[in-house]
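The values are calculated or read from the model by the stated rules, or taken from the named source; none is laboratory data. Predicted model, so just to flag it, every value in this text is computed and none were measured. With ideal geometry, Cβ positions are generated from the backbone for all residues, glycine too; neighbour counts draw on all protein chains shown. Remember, those area values only see protein heavy atoms, side chains included, never the ligands or the DNA or RNA. Shrake-Rupley method; radii C 1.70, N 1.55, O 1.52, S 1.80 Å.
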Amino acid sequence: MPVVKQIHNARFFPKGELSPGDEVVAINGVPLRDVIDAAFHAADEDLELTVRRPDGSTATLQISKDPDADLGIEWEPDKIRICKANCDFCFVHQQPKKKMRRTLYIKDDDYRLSFLHGNFVTLTNMTEEDYERVFEQRLSPLYVSVHCTNDEVRRVYLRKPDAEPILPLLKRLHANRIETHTQIVVTPGLNDGDVLYQSFDDLLGLYPQVPSVGVVPIGLTKYRENLPDLKLVTPEMAGEILDEIGKRQATMRKEHDLGGIYAADDFFIIAGRPIPDAEYYDDYCQLENGVGMLRQLMDDYDDRESELPKSLKQPRRLCLITGKHASPFIAELCDRTNARVEGLELIPLTVANDFWGHKVTTANLLTGGDIGAQFKQSGLDVDTIIIPPGCLNTDDLFLDDETPESVSAQTGLPIQRAEYDFVETILKTI
């Protein structure tokens, strides 16, 4: 049952009728299972909330509001459904044993989080009741980790011999008007080659209910004890995959006026190819999957560069932390900004991922410990350190449980979290 975490709008509860810790057990007599039920049934104009207090007492609250008006309630997170697959590339399996905070070892595979936050799910733990609920409440879109449409290969890939055939599941969602954005994590020797290209074709054949296929290369950390010896995508393989995606994009654009299938930024970097123009990504529907982030970064800078001042009253020297893959792009933006703003010097620092291993090159997976240590080793003379925007979780913790405060204490400098918009980051800092 949904539990109140915080009230952000006192309009409907002016006398504190609802408080943190209260459970909303029903709306208009309908029992609630979770926060999705709460949102679904709170869309009516006249509401009767049945509330259970932490002391076990109950209360009934009457509310009248405009249709679809937000009640302003922030809910405690629902209990997460755990993934039953055992993919060898899963990040949870590639962590140091029992050394990280507990939440980093949780393998979520929860269709509710898929609907609410865009988390990818395998559909391997869905029940008939779950599907009926998805259809009834129109929980669309969902984000599905397909990886492979060849069911025999997919079962090996997921290490789940009883995984249901994926295409019939997607077609069932399709028949009930549920959109599904899909992803394929390419693992050389397992779901590549003809198996991969058939998966492309199968998923594109389900358009428009499958509006996007995101293709992402496997990532490997140094913590792979007792795990299979998997290989990374090579430059040659990345180039071939990009070519195959390009052919299918051309066909999709001719027939449907959109690409439909998109390679993650990492594929272009691995292949040594330029990041495509914005048209390649259409509506950037898989941005959080690393598809188009660099193009958006560069284009946003072009759009807002004129907002930067011509000079500063007080000189500033800022260090911008980045990972290996984004390094050339951040360096270019630093150079352009330095040339434009007199008195401002931006210095990029590429931090190697000693914690997870040097095969991990994504800036958002850098740890506080690596940032602090490598900044000190650099000997840079700056007044502020700017870290990548995705390095911290909602509790302002790095993956190694360091905090901006602890890194600041180590370096003796203020730590600022970047925005995803480069110009906005600079304007807020100077």
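Tabulated data for the structure shown
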| quantity | calculated |
| --- | --- |
| Strands (runs of 3 or more DSSP E) contained in the range 37-111 and holding at least 2 residues without any contact (Cβ under 8 Å) to a residue 60 or more places away in the chain, hydroxyl-bearing (S, T, Y) and open to solvent by 70 Å² or more (accessible area, probe 1.4 Å) | 58-64 |
| Residue count for the range 377-390, restricted to those that are surrounded by fewer than 16 Cβ atoms within 10 Å (Cβ to Cβ) and touching a Gly at 6+ places or on another chain (Cβ under 9 Å) | 0 |
| Residues of the range 162-207 classified as open to solvent by less than 50 Å² (accessible area, probe 1.4 Å), within 25 Å of L220 (Cα to Cα) and not in a helix (DSSP H, G or I), total | 11 |
| Selection count where residues are without any contact (Cβ under 8 Å) to a residue 24 or more places away in the chain and open to solvent by less than 30 Å² (accessible area, probe 1.4 Å), scope the range 1-35 | 1 |
| Hits in the range 126-135 - residues which are charged (D, E, K, R) and open to solvent by 30 Å² or more (accessible area, probe 1.4 Å) | E128, E129, E132 |
| All positions within the range 297-322 that are in contact (Cβ under 8 Å) with a residue 60 or more places away in the chain and within 22 Å of L366 (Cβ to Cβ) | L297, D300, Y301, R317, L318, C319, L320, I321, T322 |
| Index of the failed condition, Y420 passing every other in (1) open to solvent by less than 60 Å² (accessible area, probe 1.4 Å); (2) within 27 Å of V233 (Cβ to Cβ) | (1) |
| Qualifying positions in the range 136-161 - on the phi < 0 side of the Ramachandran plot, open to solvent by 10 Å² or more (accessible area, probe 1.4 Å) and touching a Lys or Arg at 6+ places or on another chain (Cβ under 8 Å) | S140, K160, P161 |
| Only listed residue being assigned to a loop (DSSP other than H, G, I, E, B), in contact with a strand residue (DSSP E or B) (Cβ under 9 Å, 6 or more places away or on another chain) and modelled with pLDDT of 95 or more, chosen from L346, L397, L333, L413 | L413 |
| First in the range 226-238 and within 20 Å of H358 (Cβ to Cβ), second anywhere and open to solvent by 50 Å² or more (accessible area, probe 1.4 Å), Cβ under 9 Å, 6 or more apart | L230/G189; L230/L190; K231/G189; L232/K359; P235/G272; A238/G272; A238/R273 |
| Subset of the range 252-265 that is part of a helix (DSSP H, G or I) and touching a helix residue (DSSP H, G or I) at 6+ places or on another chain (Cβ under 8 Å) - its residue that is nearest to V215 (Cα to Cα) | D265 |
| Some residue of the range 117-125 being over 19 Å from the mean Cα position of the chain (by Cα), crowded, with 18+ Cβ neighbours inside 10 Å and either assigned to a helix (DSSP H, G or I) or modelled with pLDDT of 95 or more (or both) | yes |
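Residue-by-condition table, conditions (1) in a loop (DSSP other than H, G, I, E, B); (2) among the aromatic types (F, W, Y); (3) open to solvent by 30 Å² or more (accessible area, probe 1.4 Å):
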site: Y280; (1), (2), (3): no, yes, yes
site: Y284; (1), (2), (3): yes, yes, yes
site: V291; (1), (2), (3): yes, no, no
site: L294; (1), (2), (3): no, no, no
site: Y301; (1), (2), (3): no, yes, no
site: S306; (1), (2), (3): no, no, yes
site: P309; (1), (2), (3): yes, no, yes
site: L312; (1), (2), (3): no, no, yes
site: R316; (1), (2), (3): no, no, yes
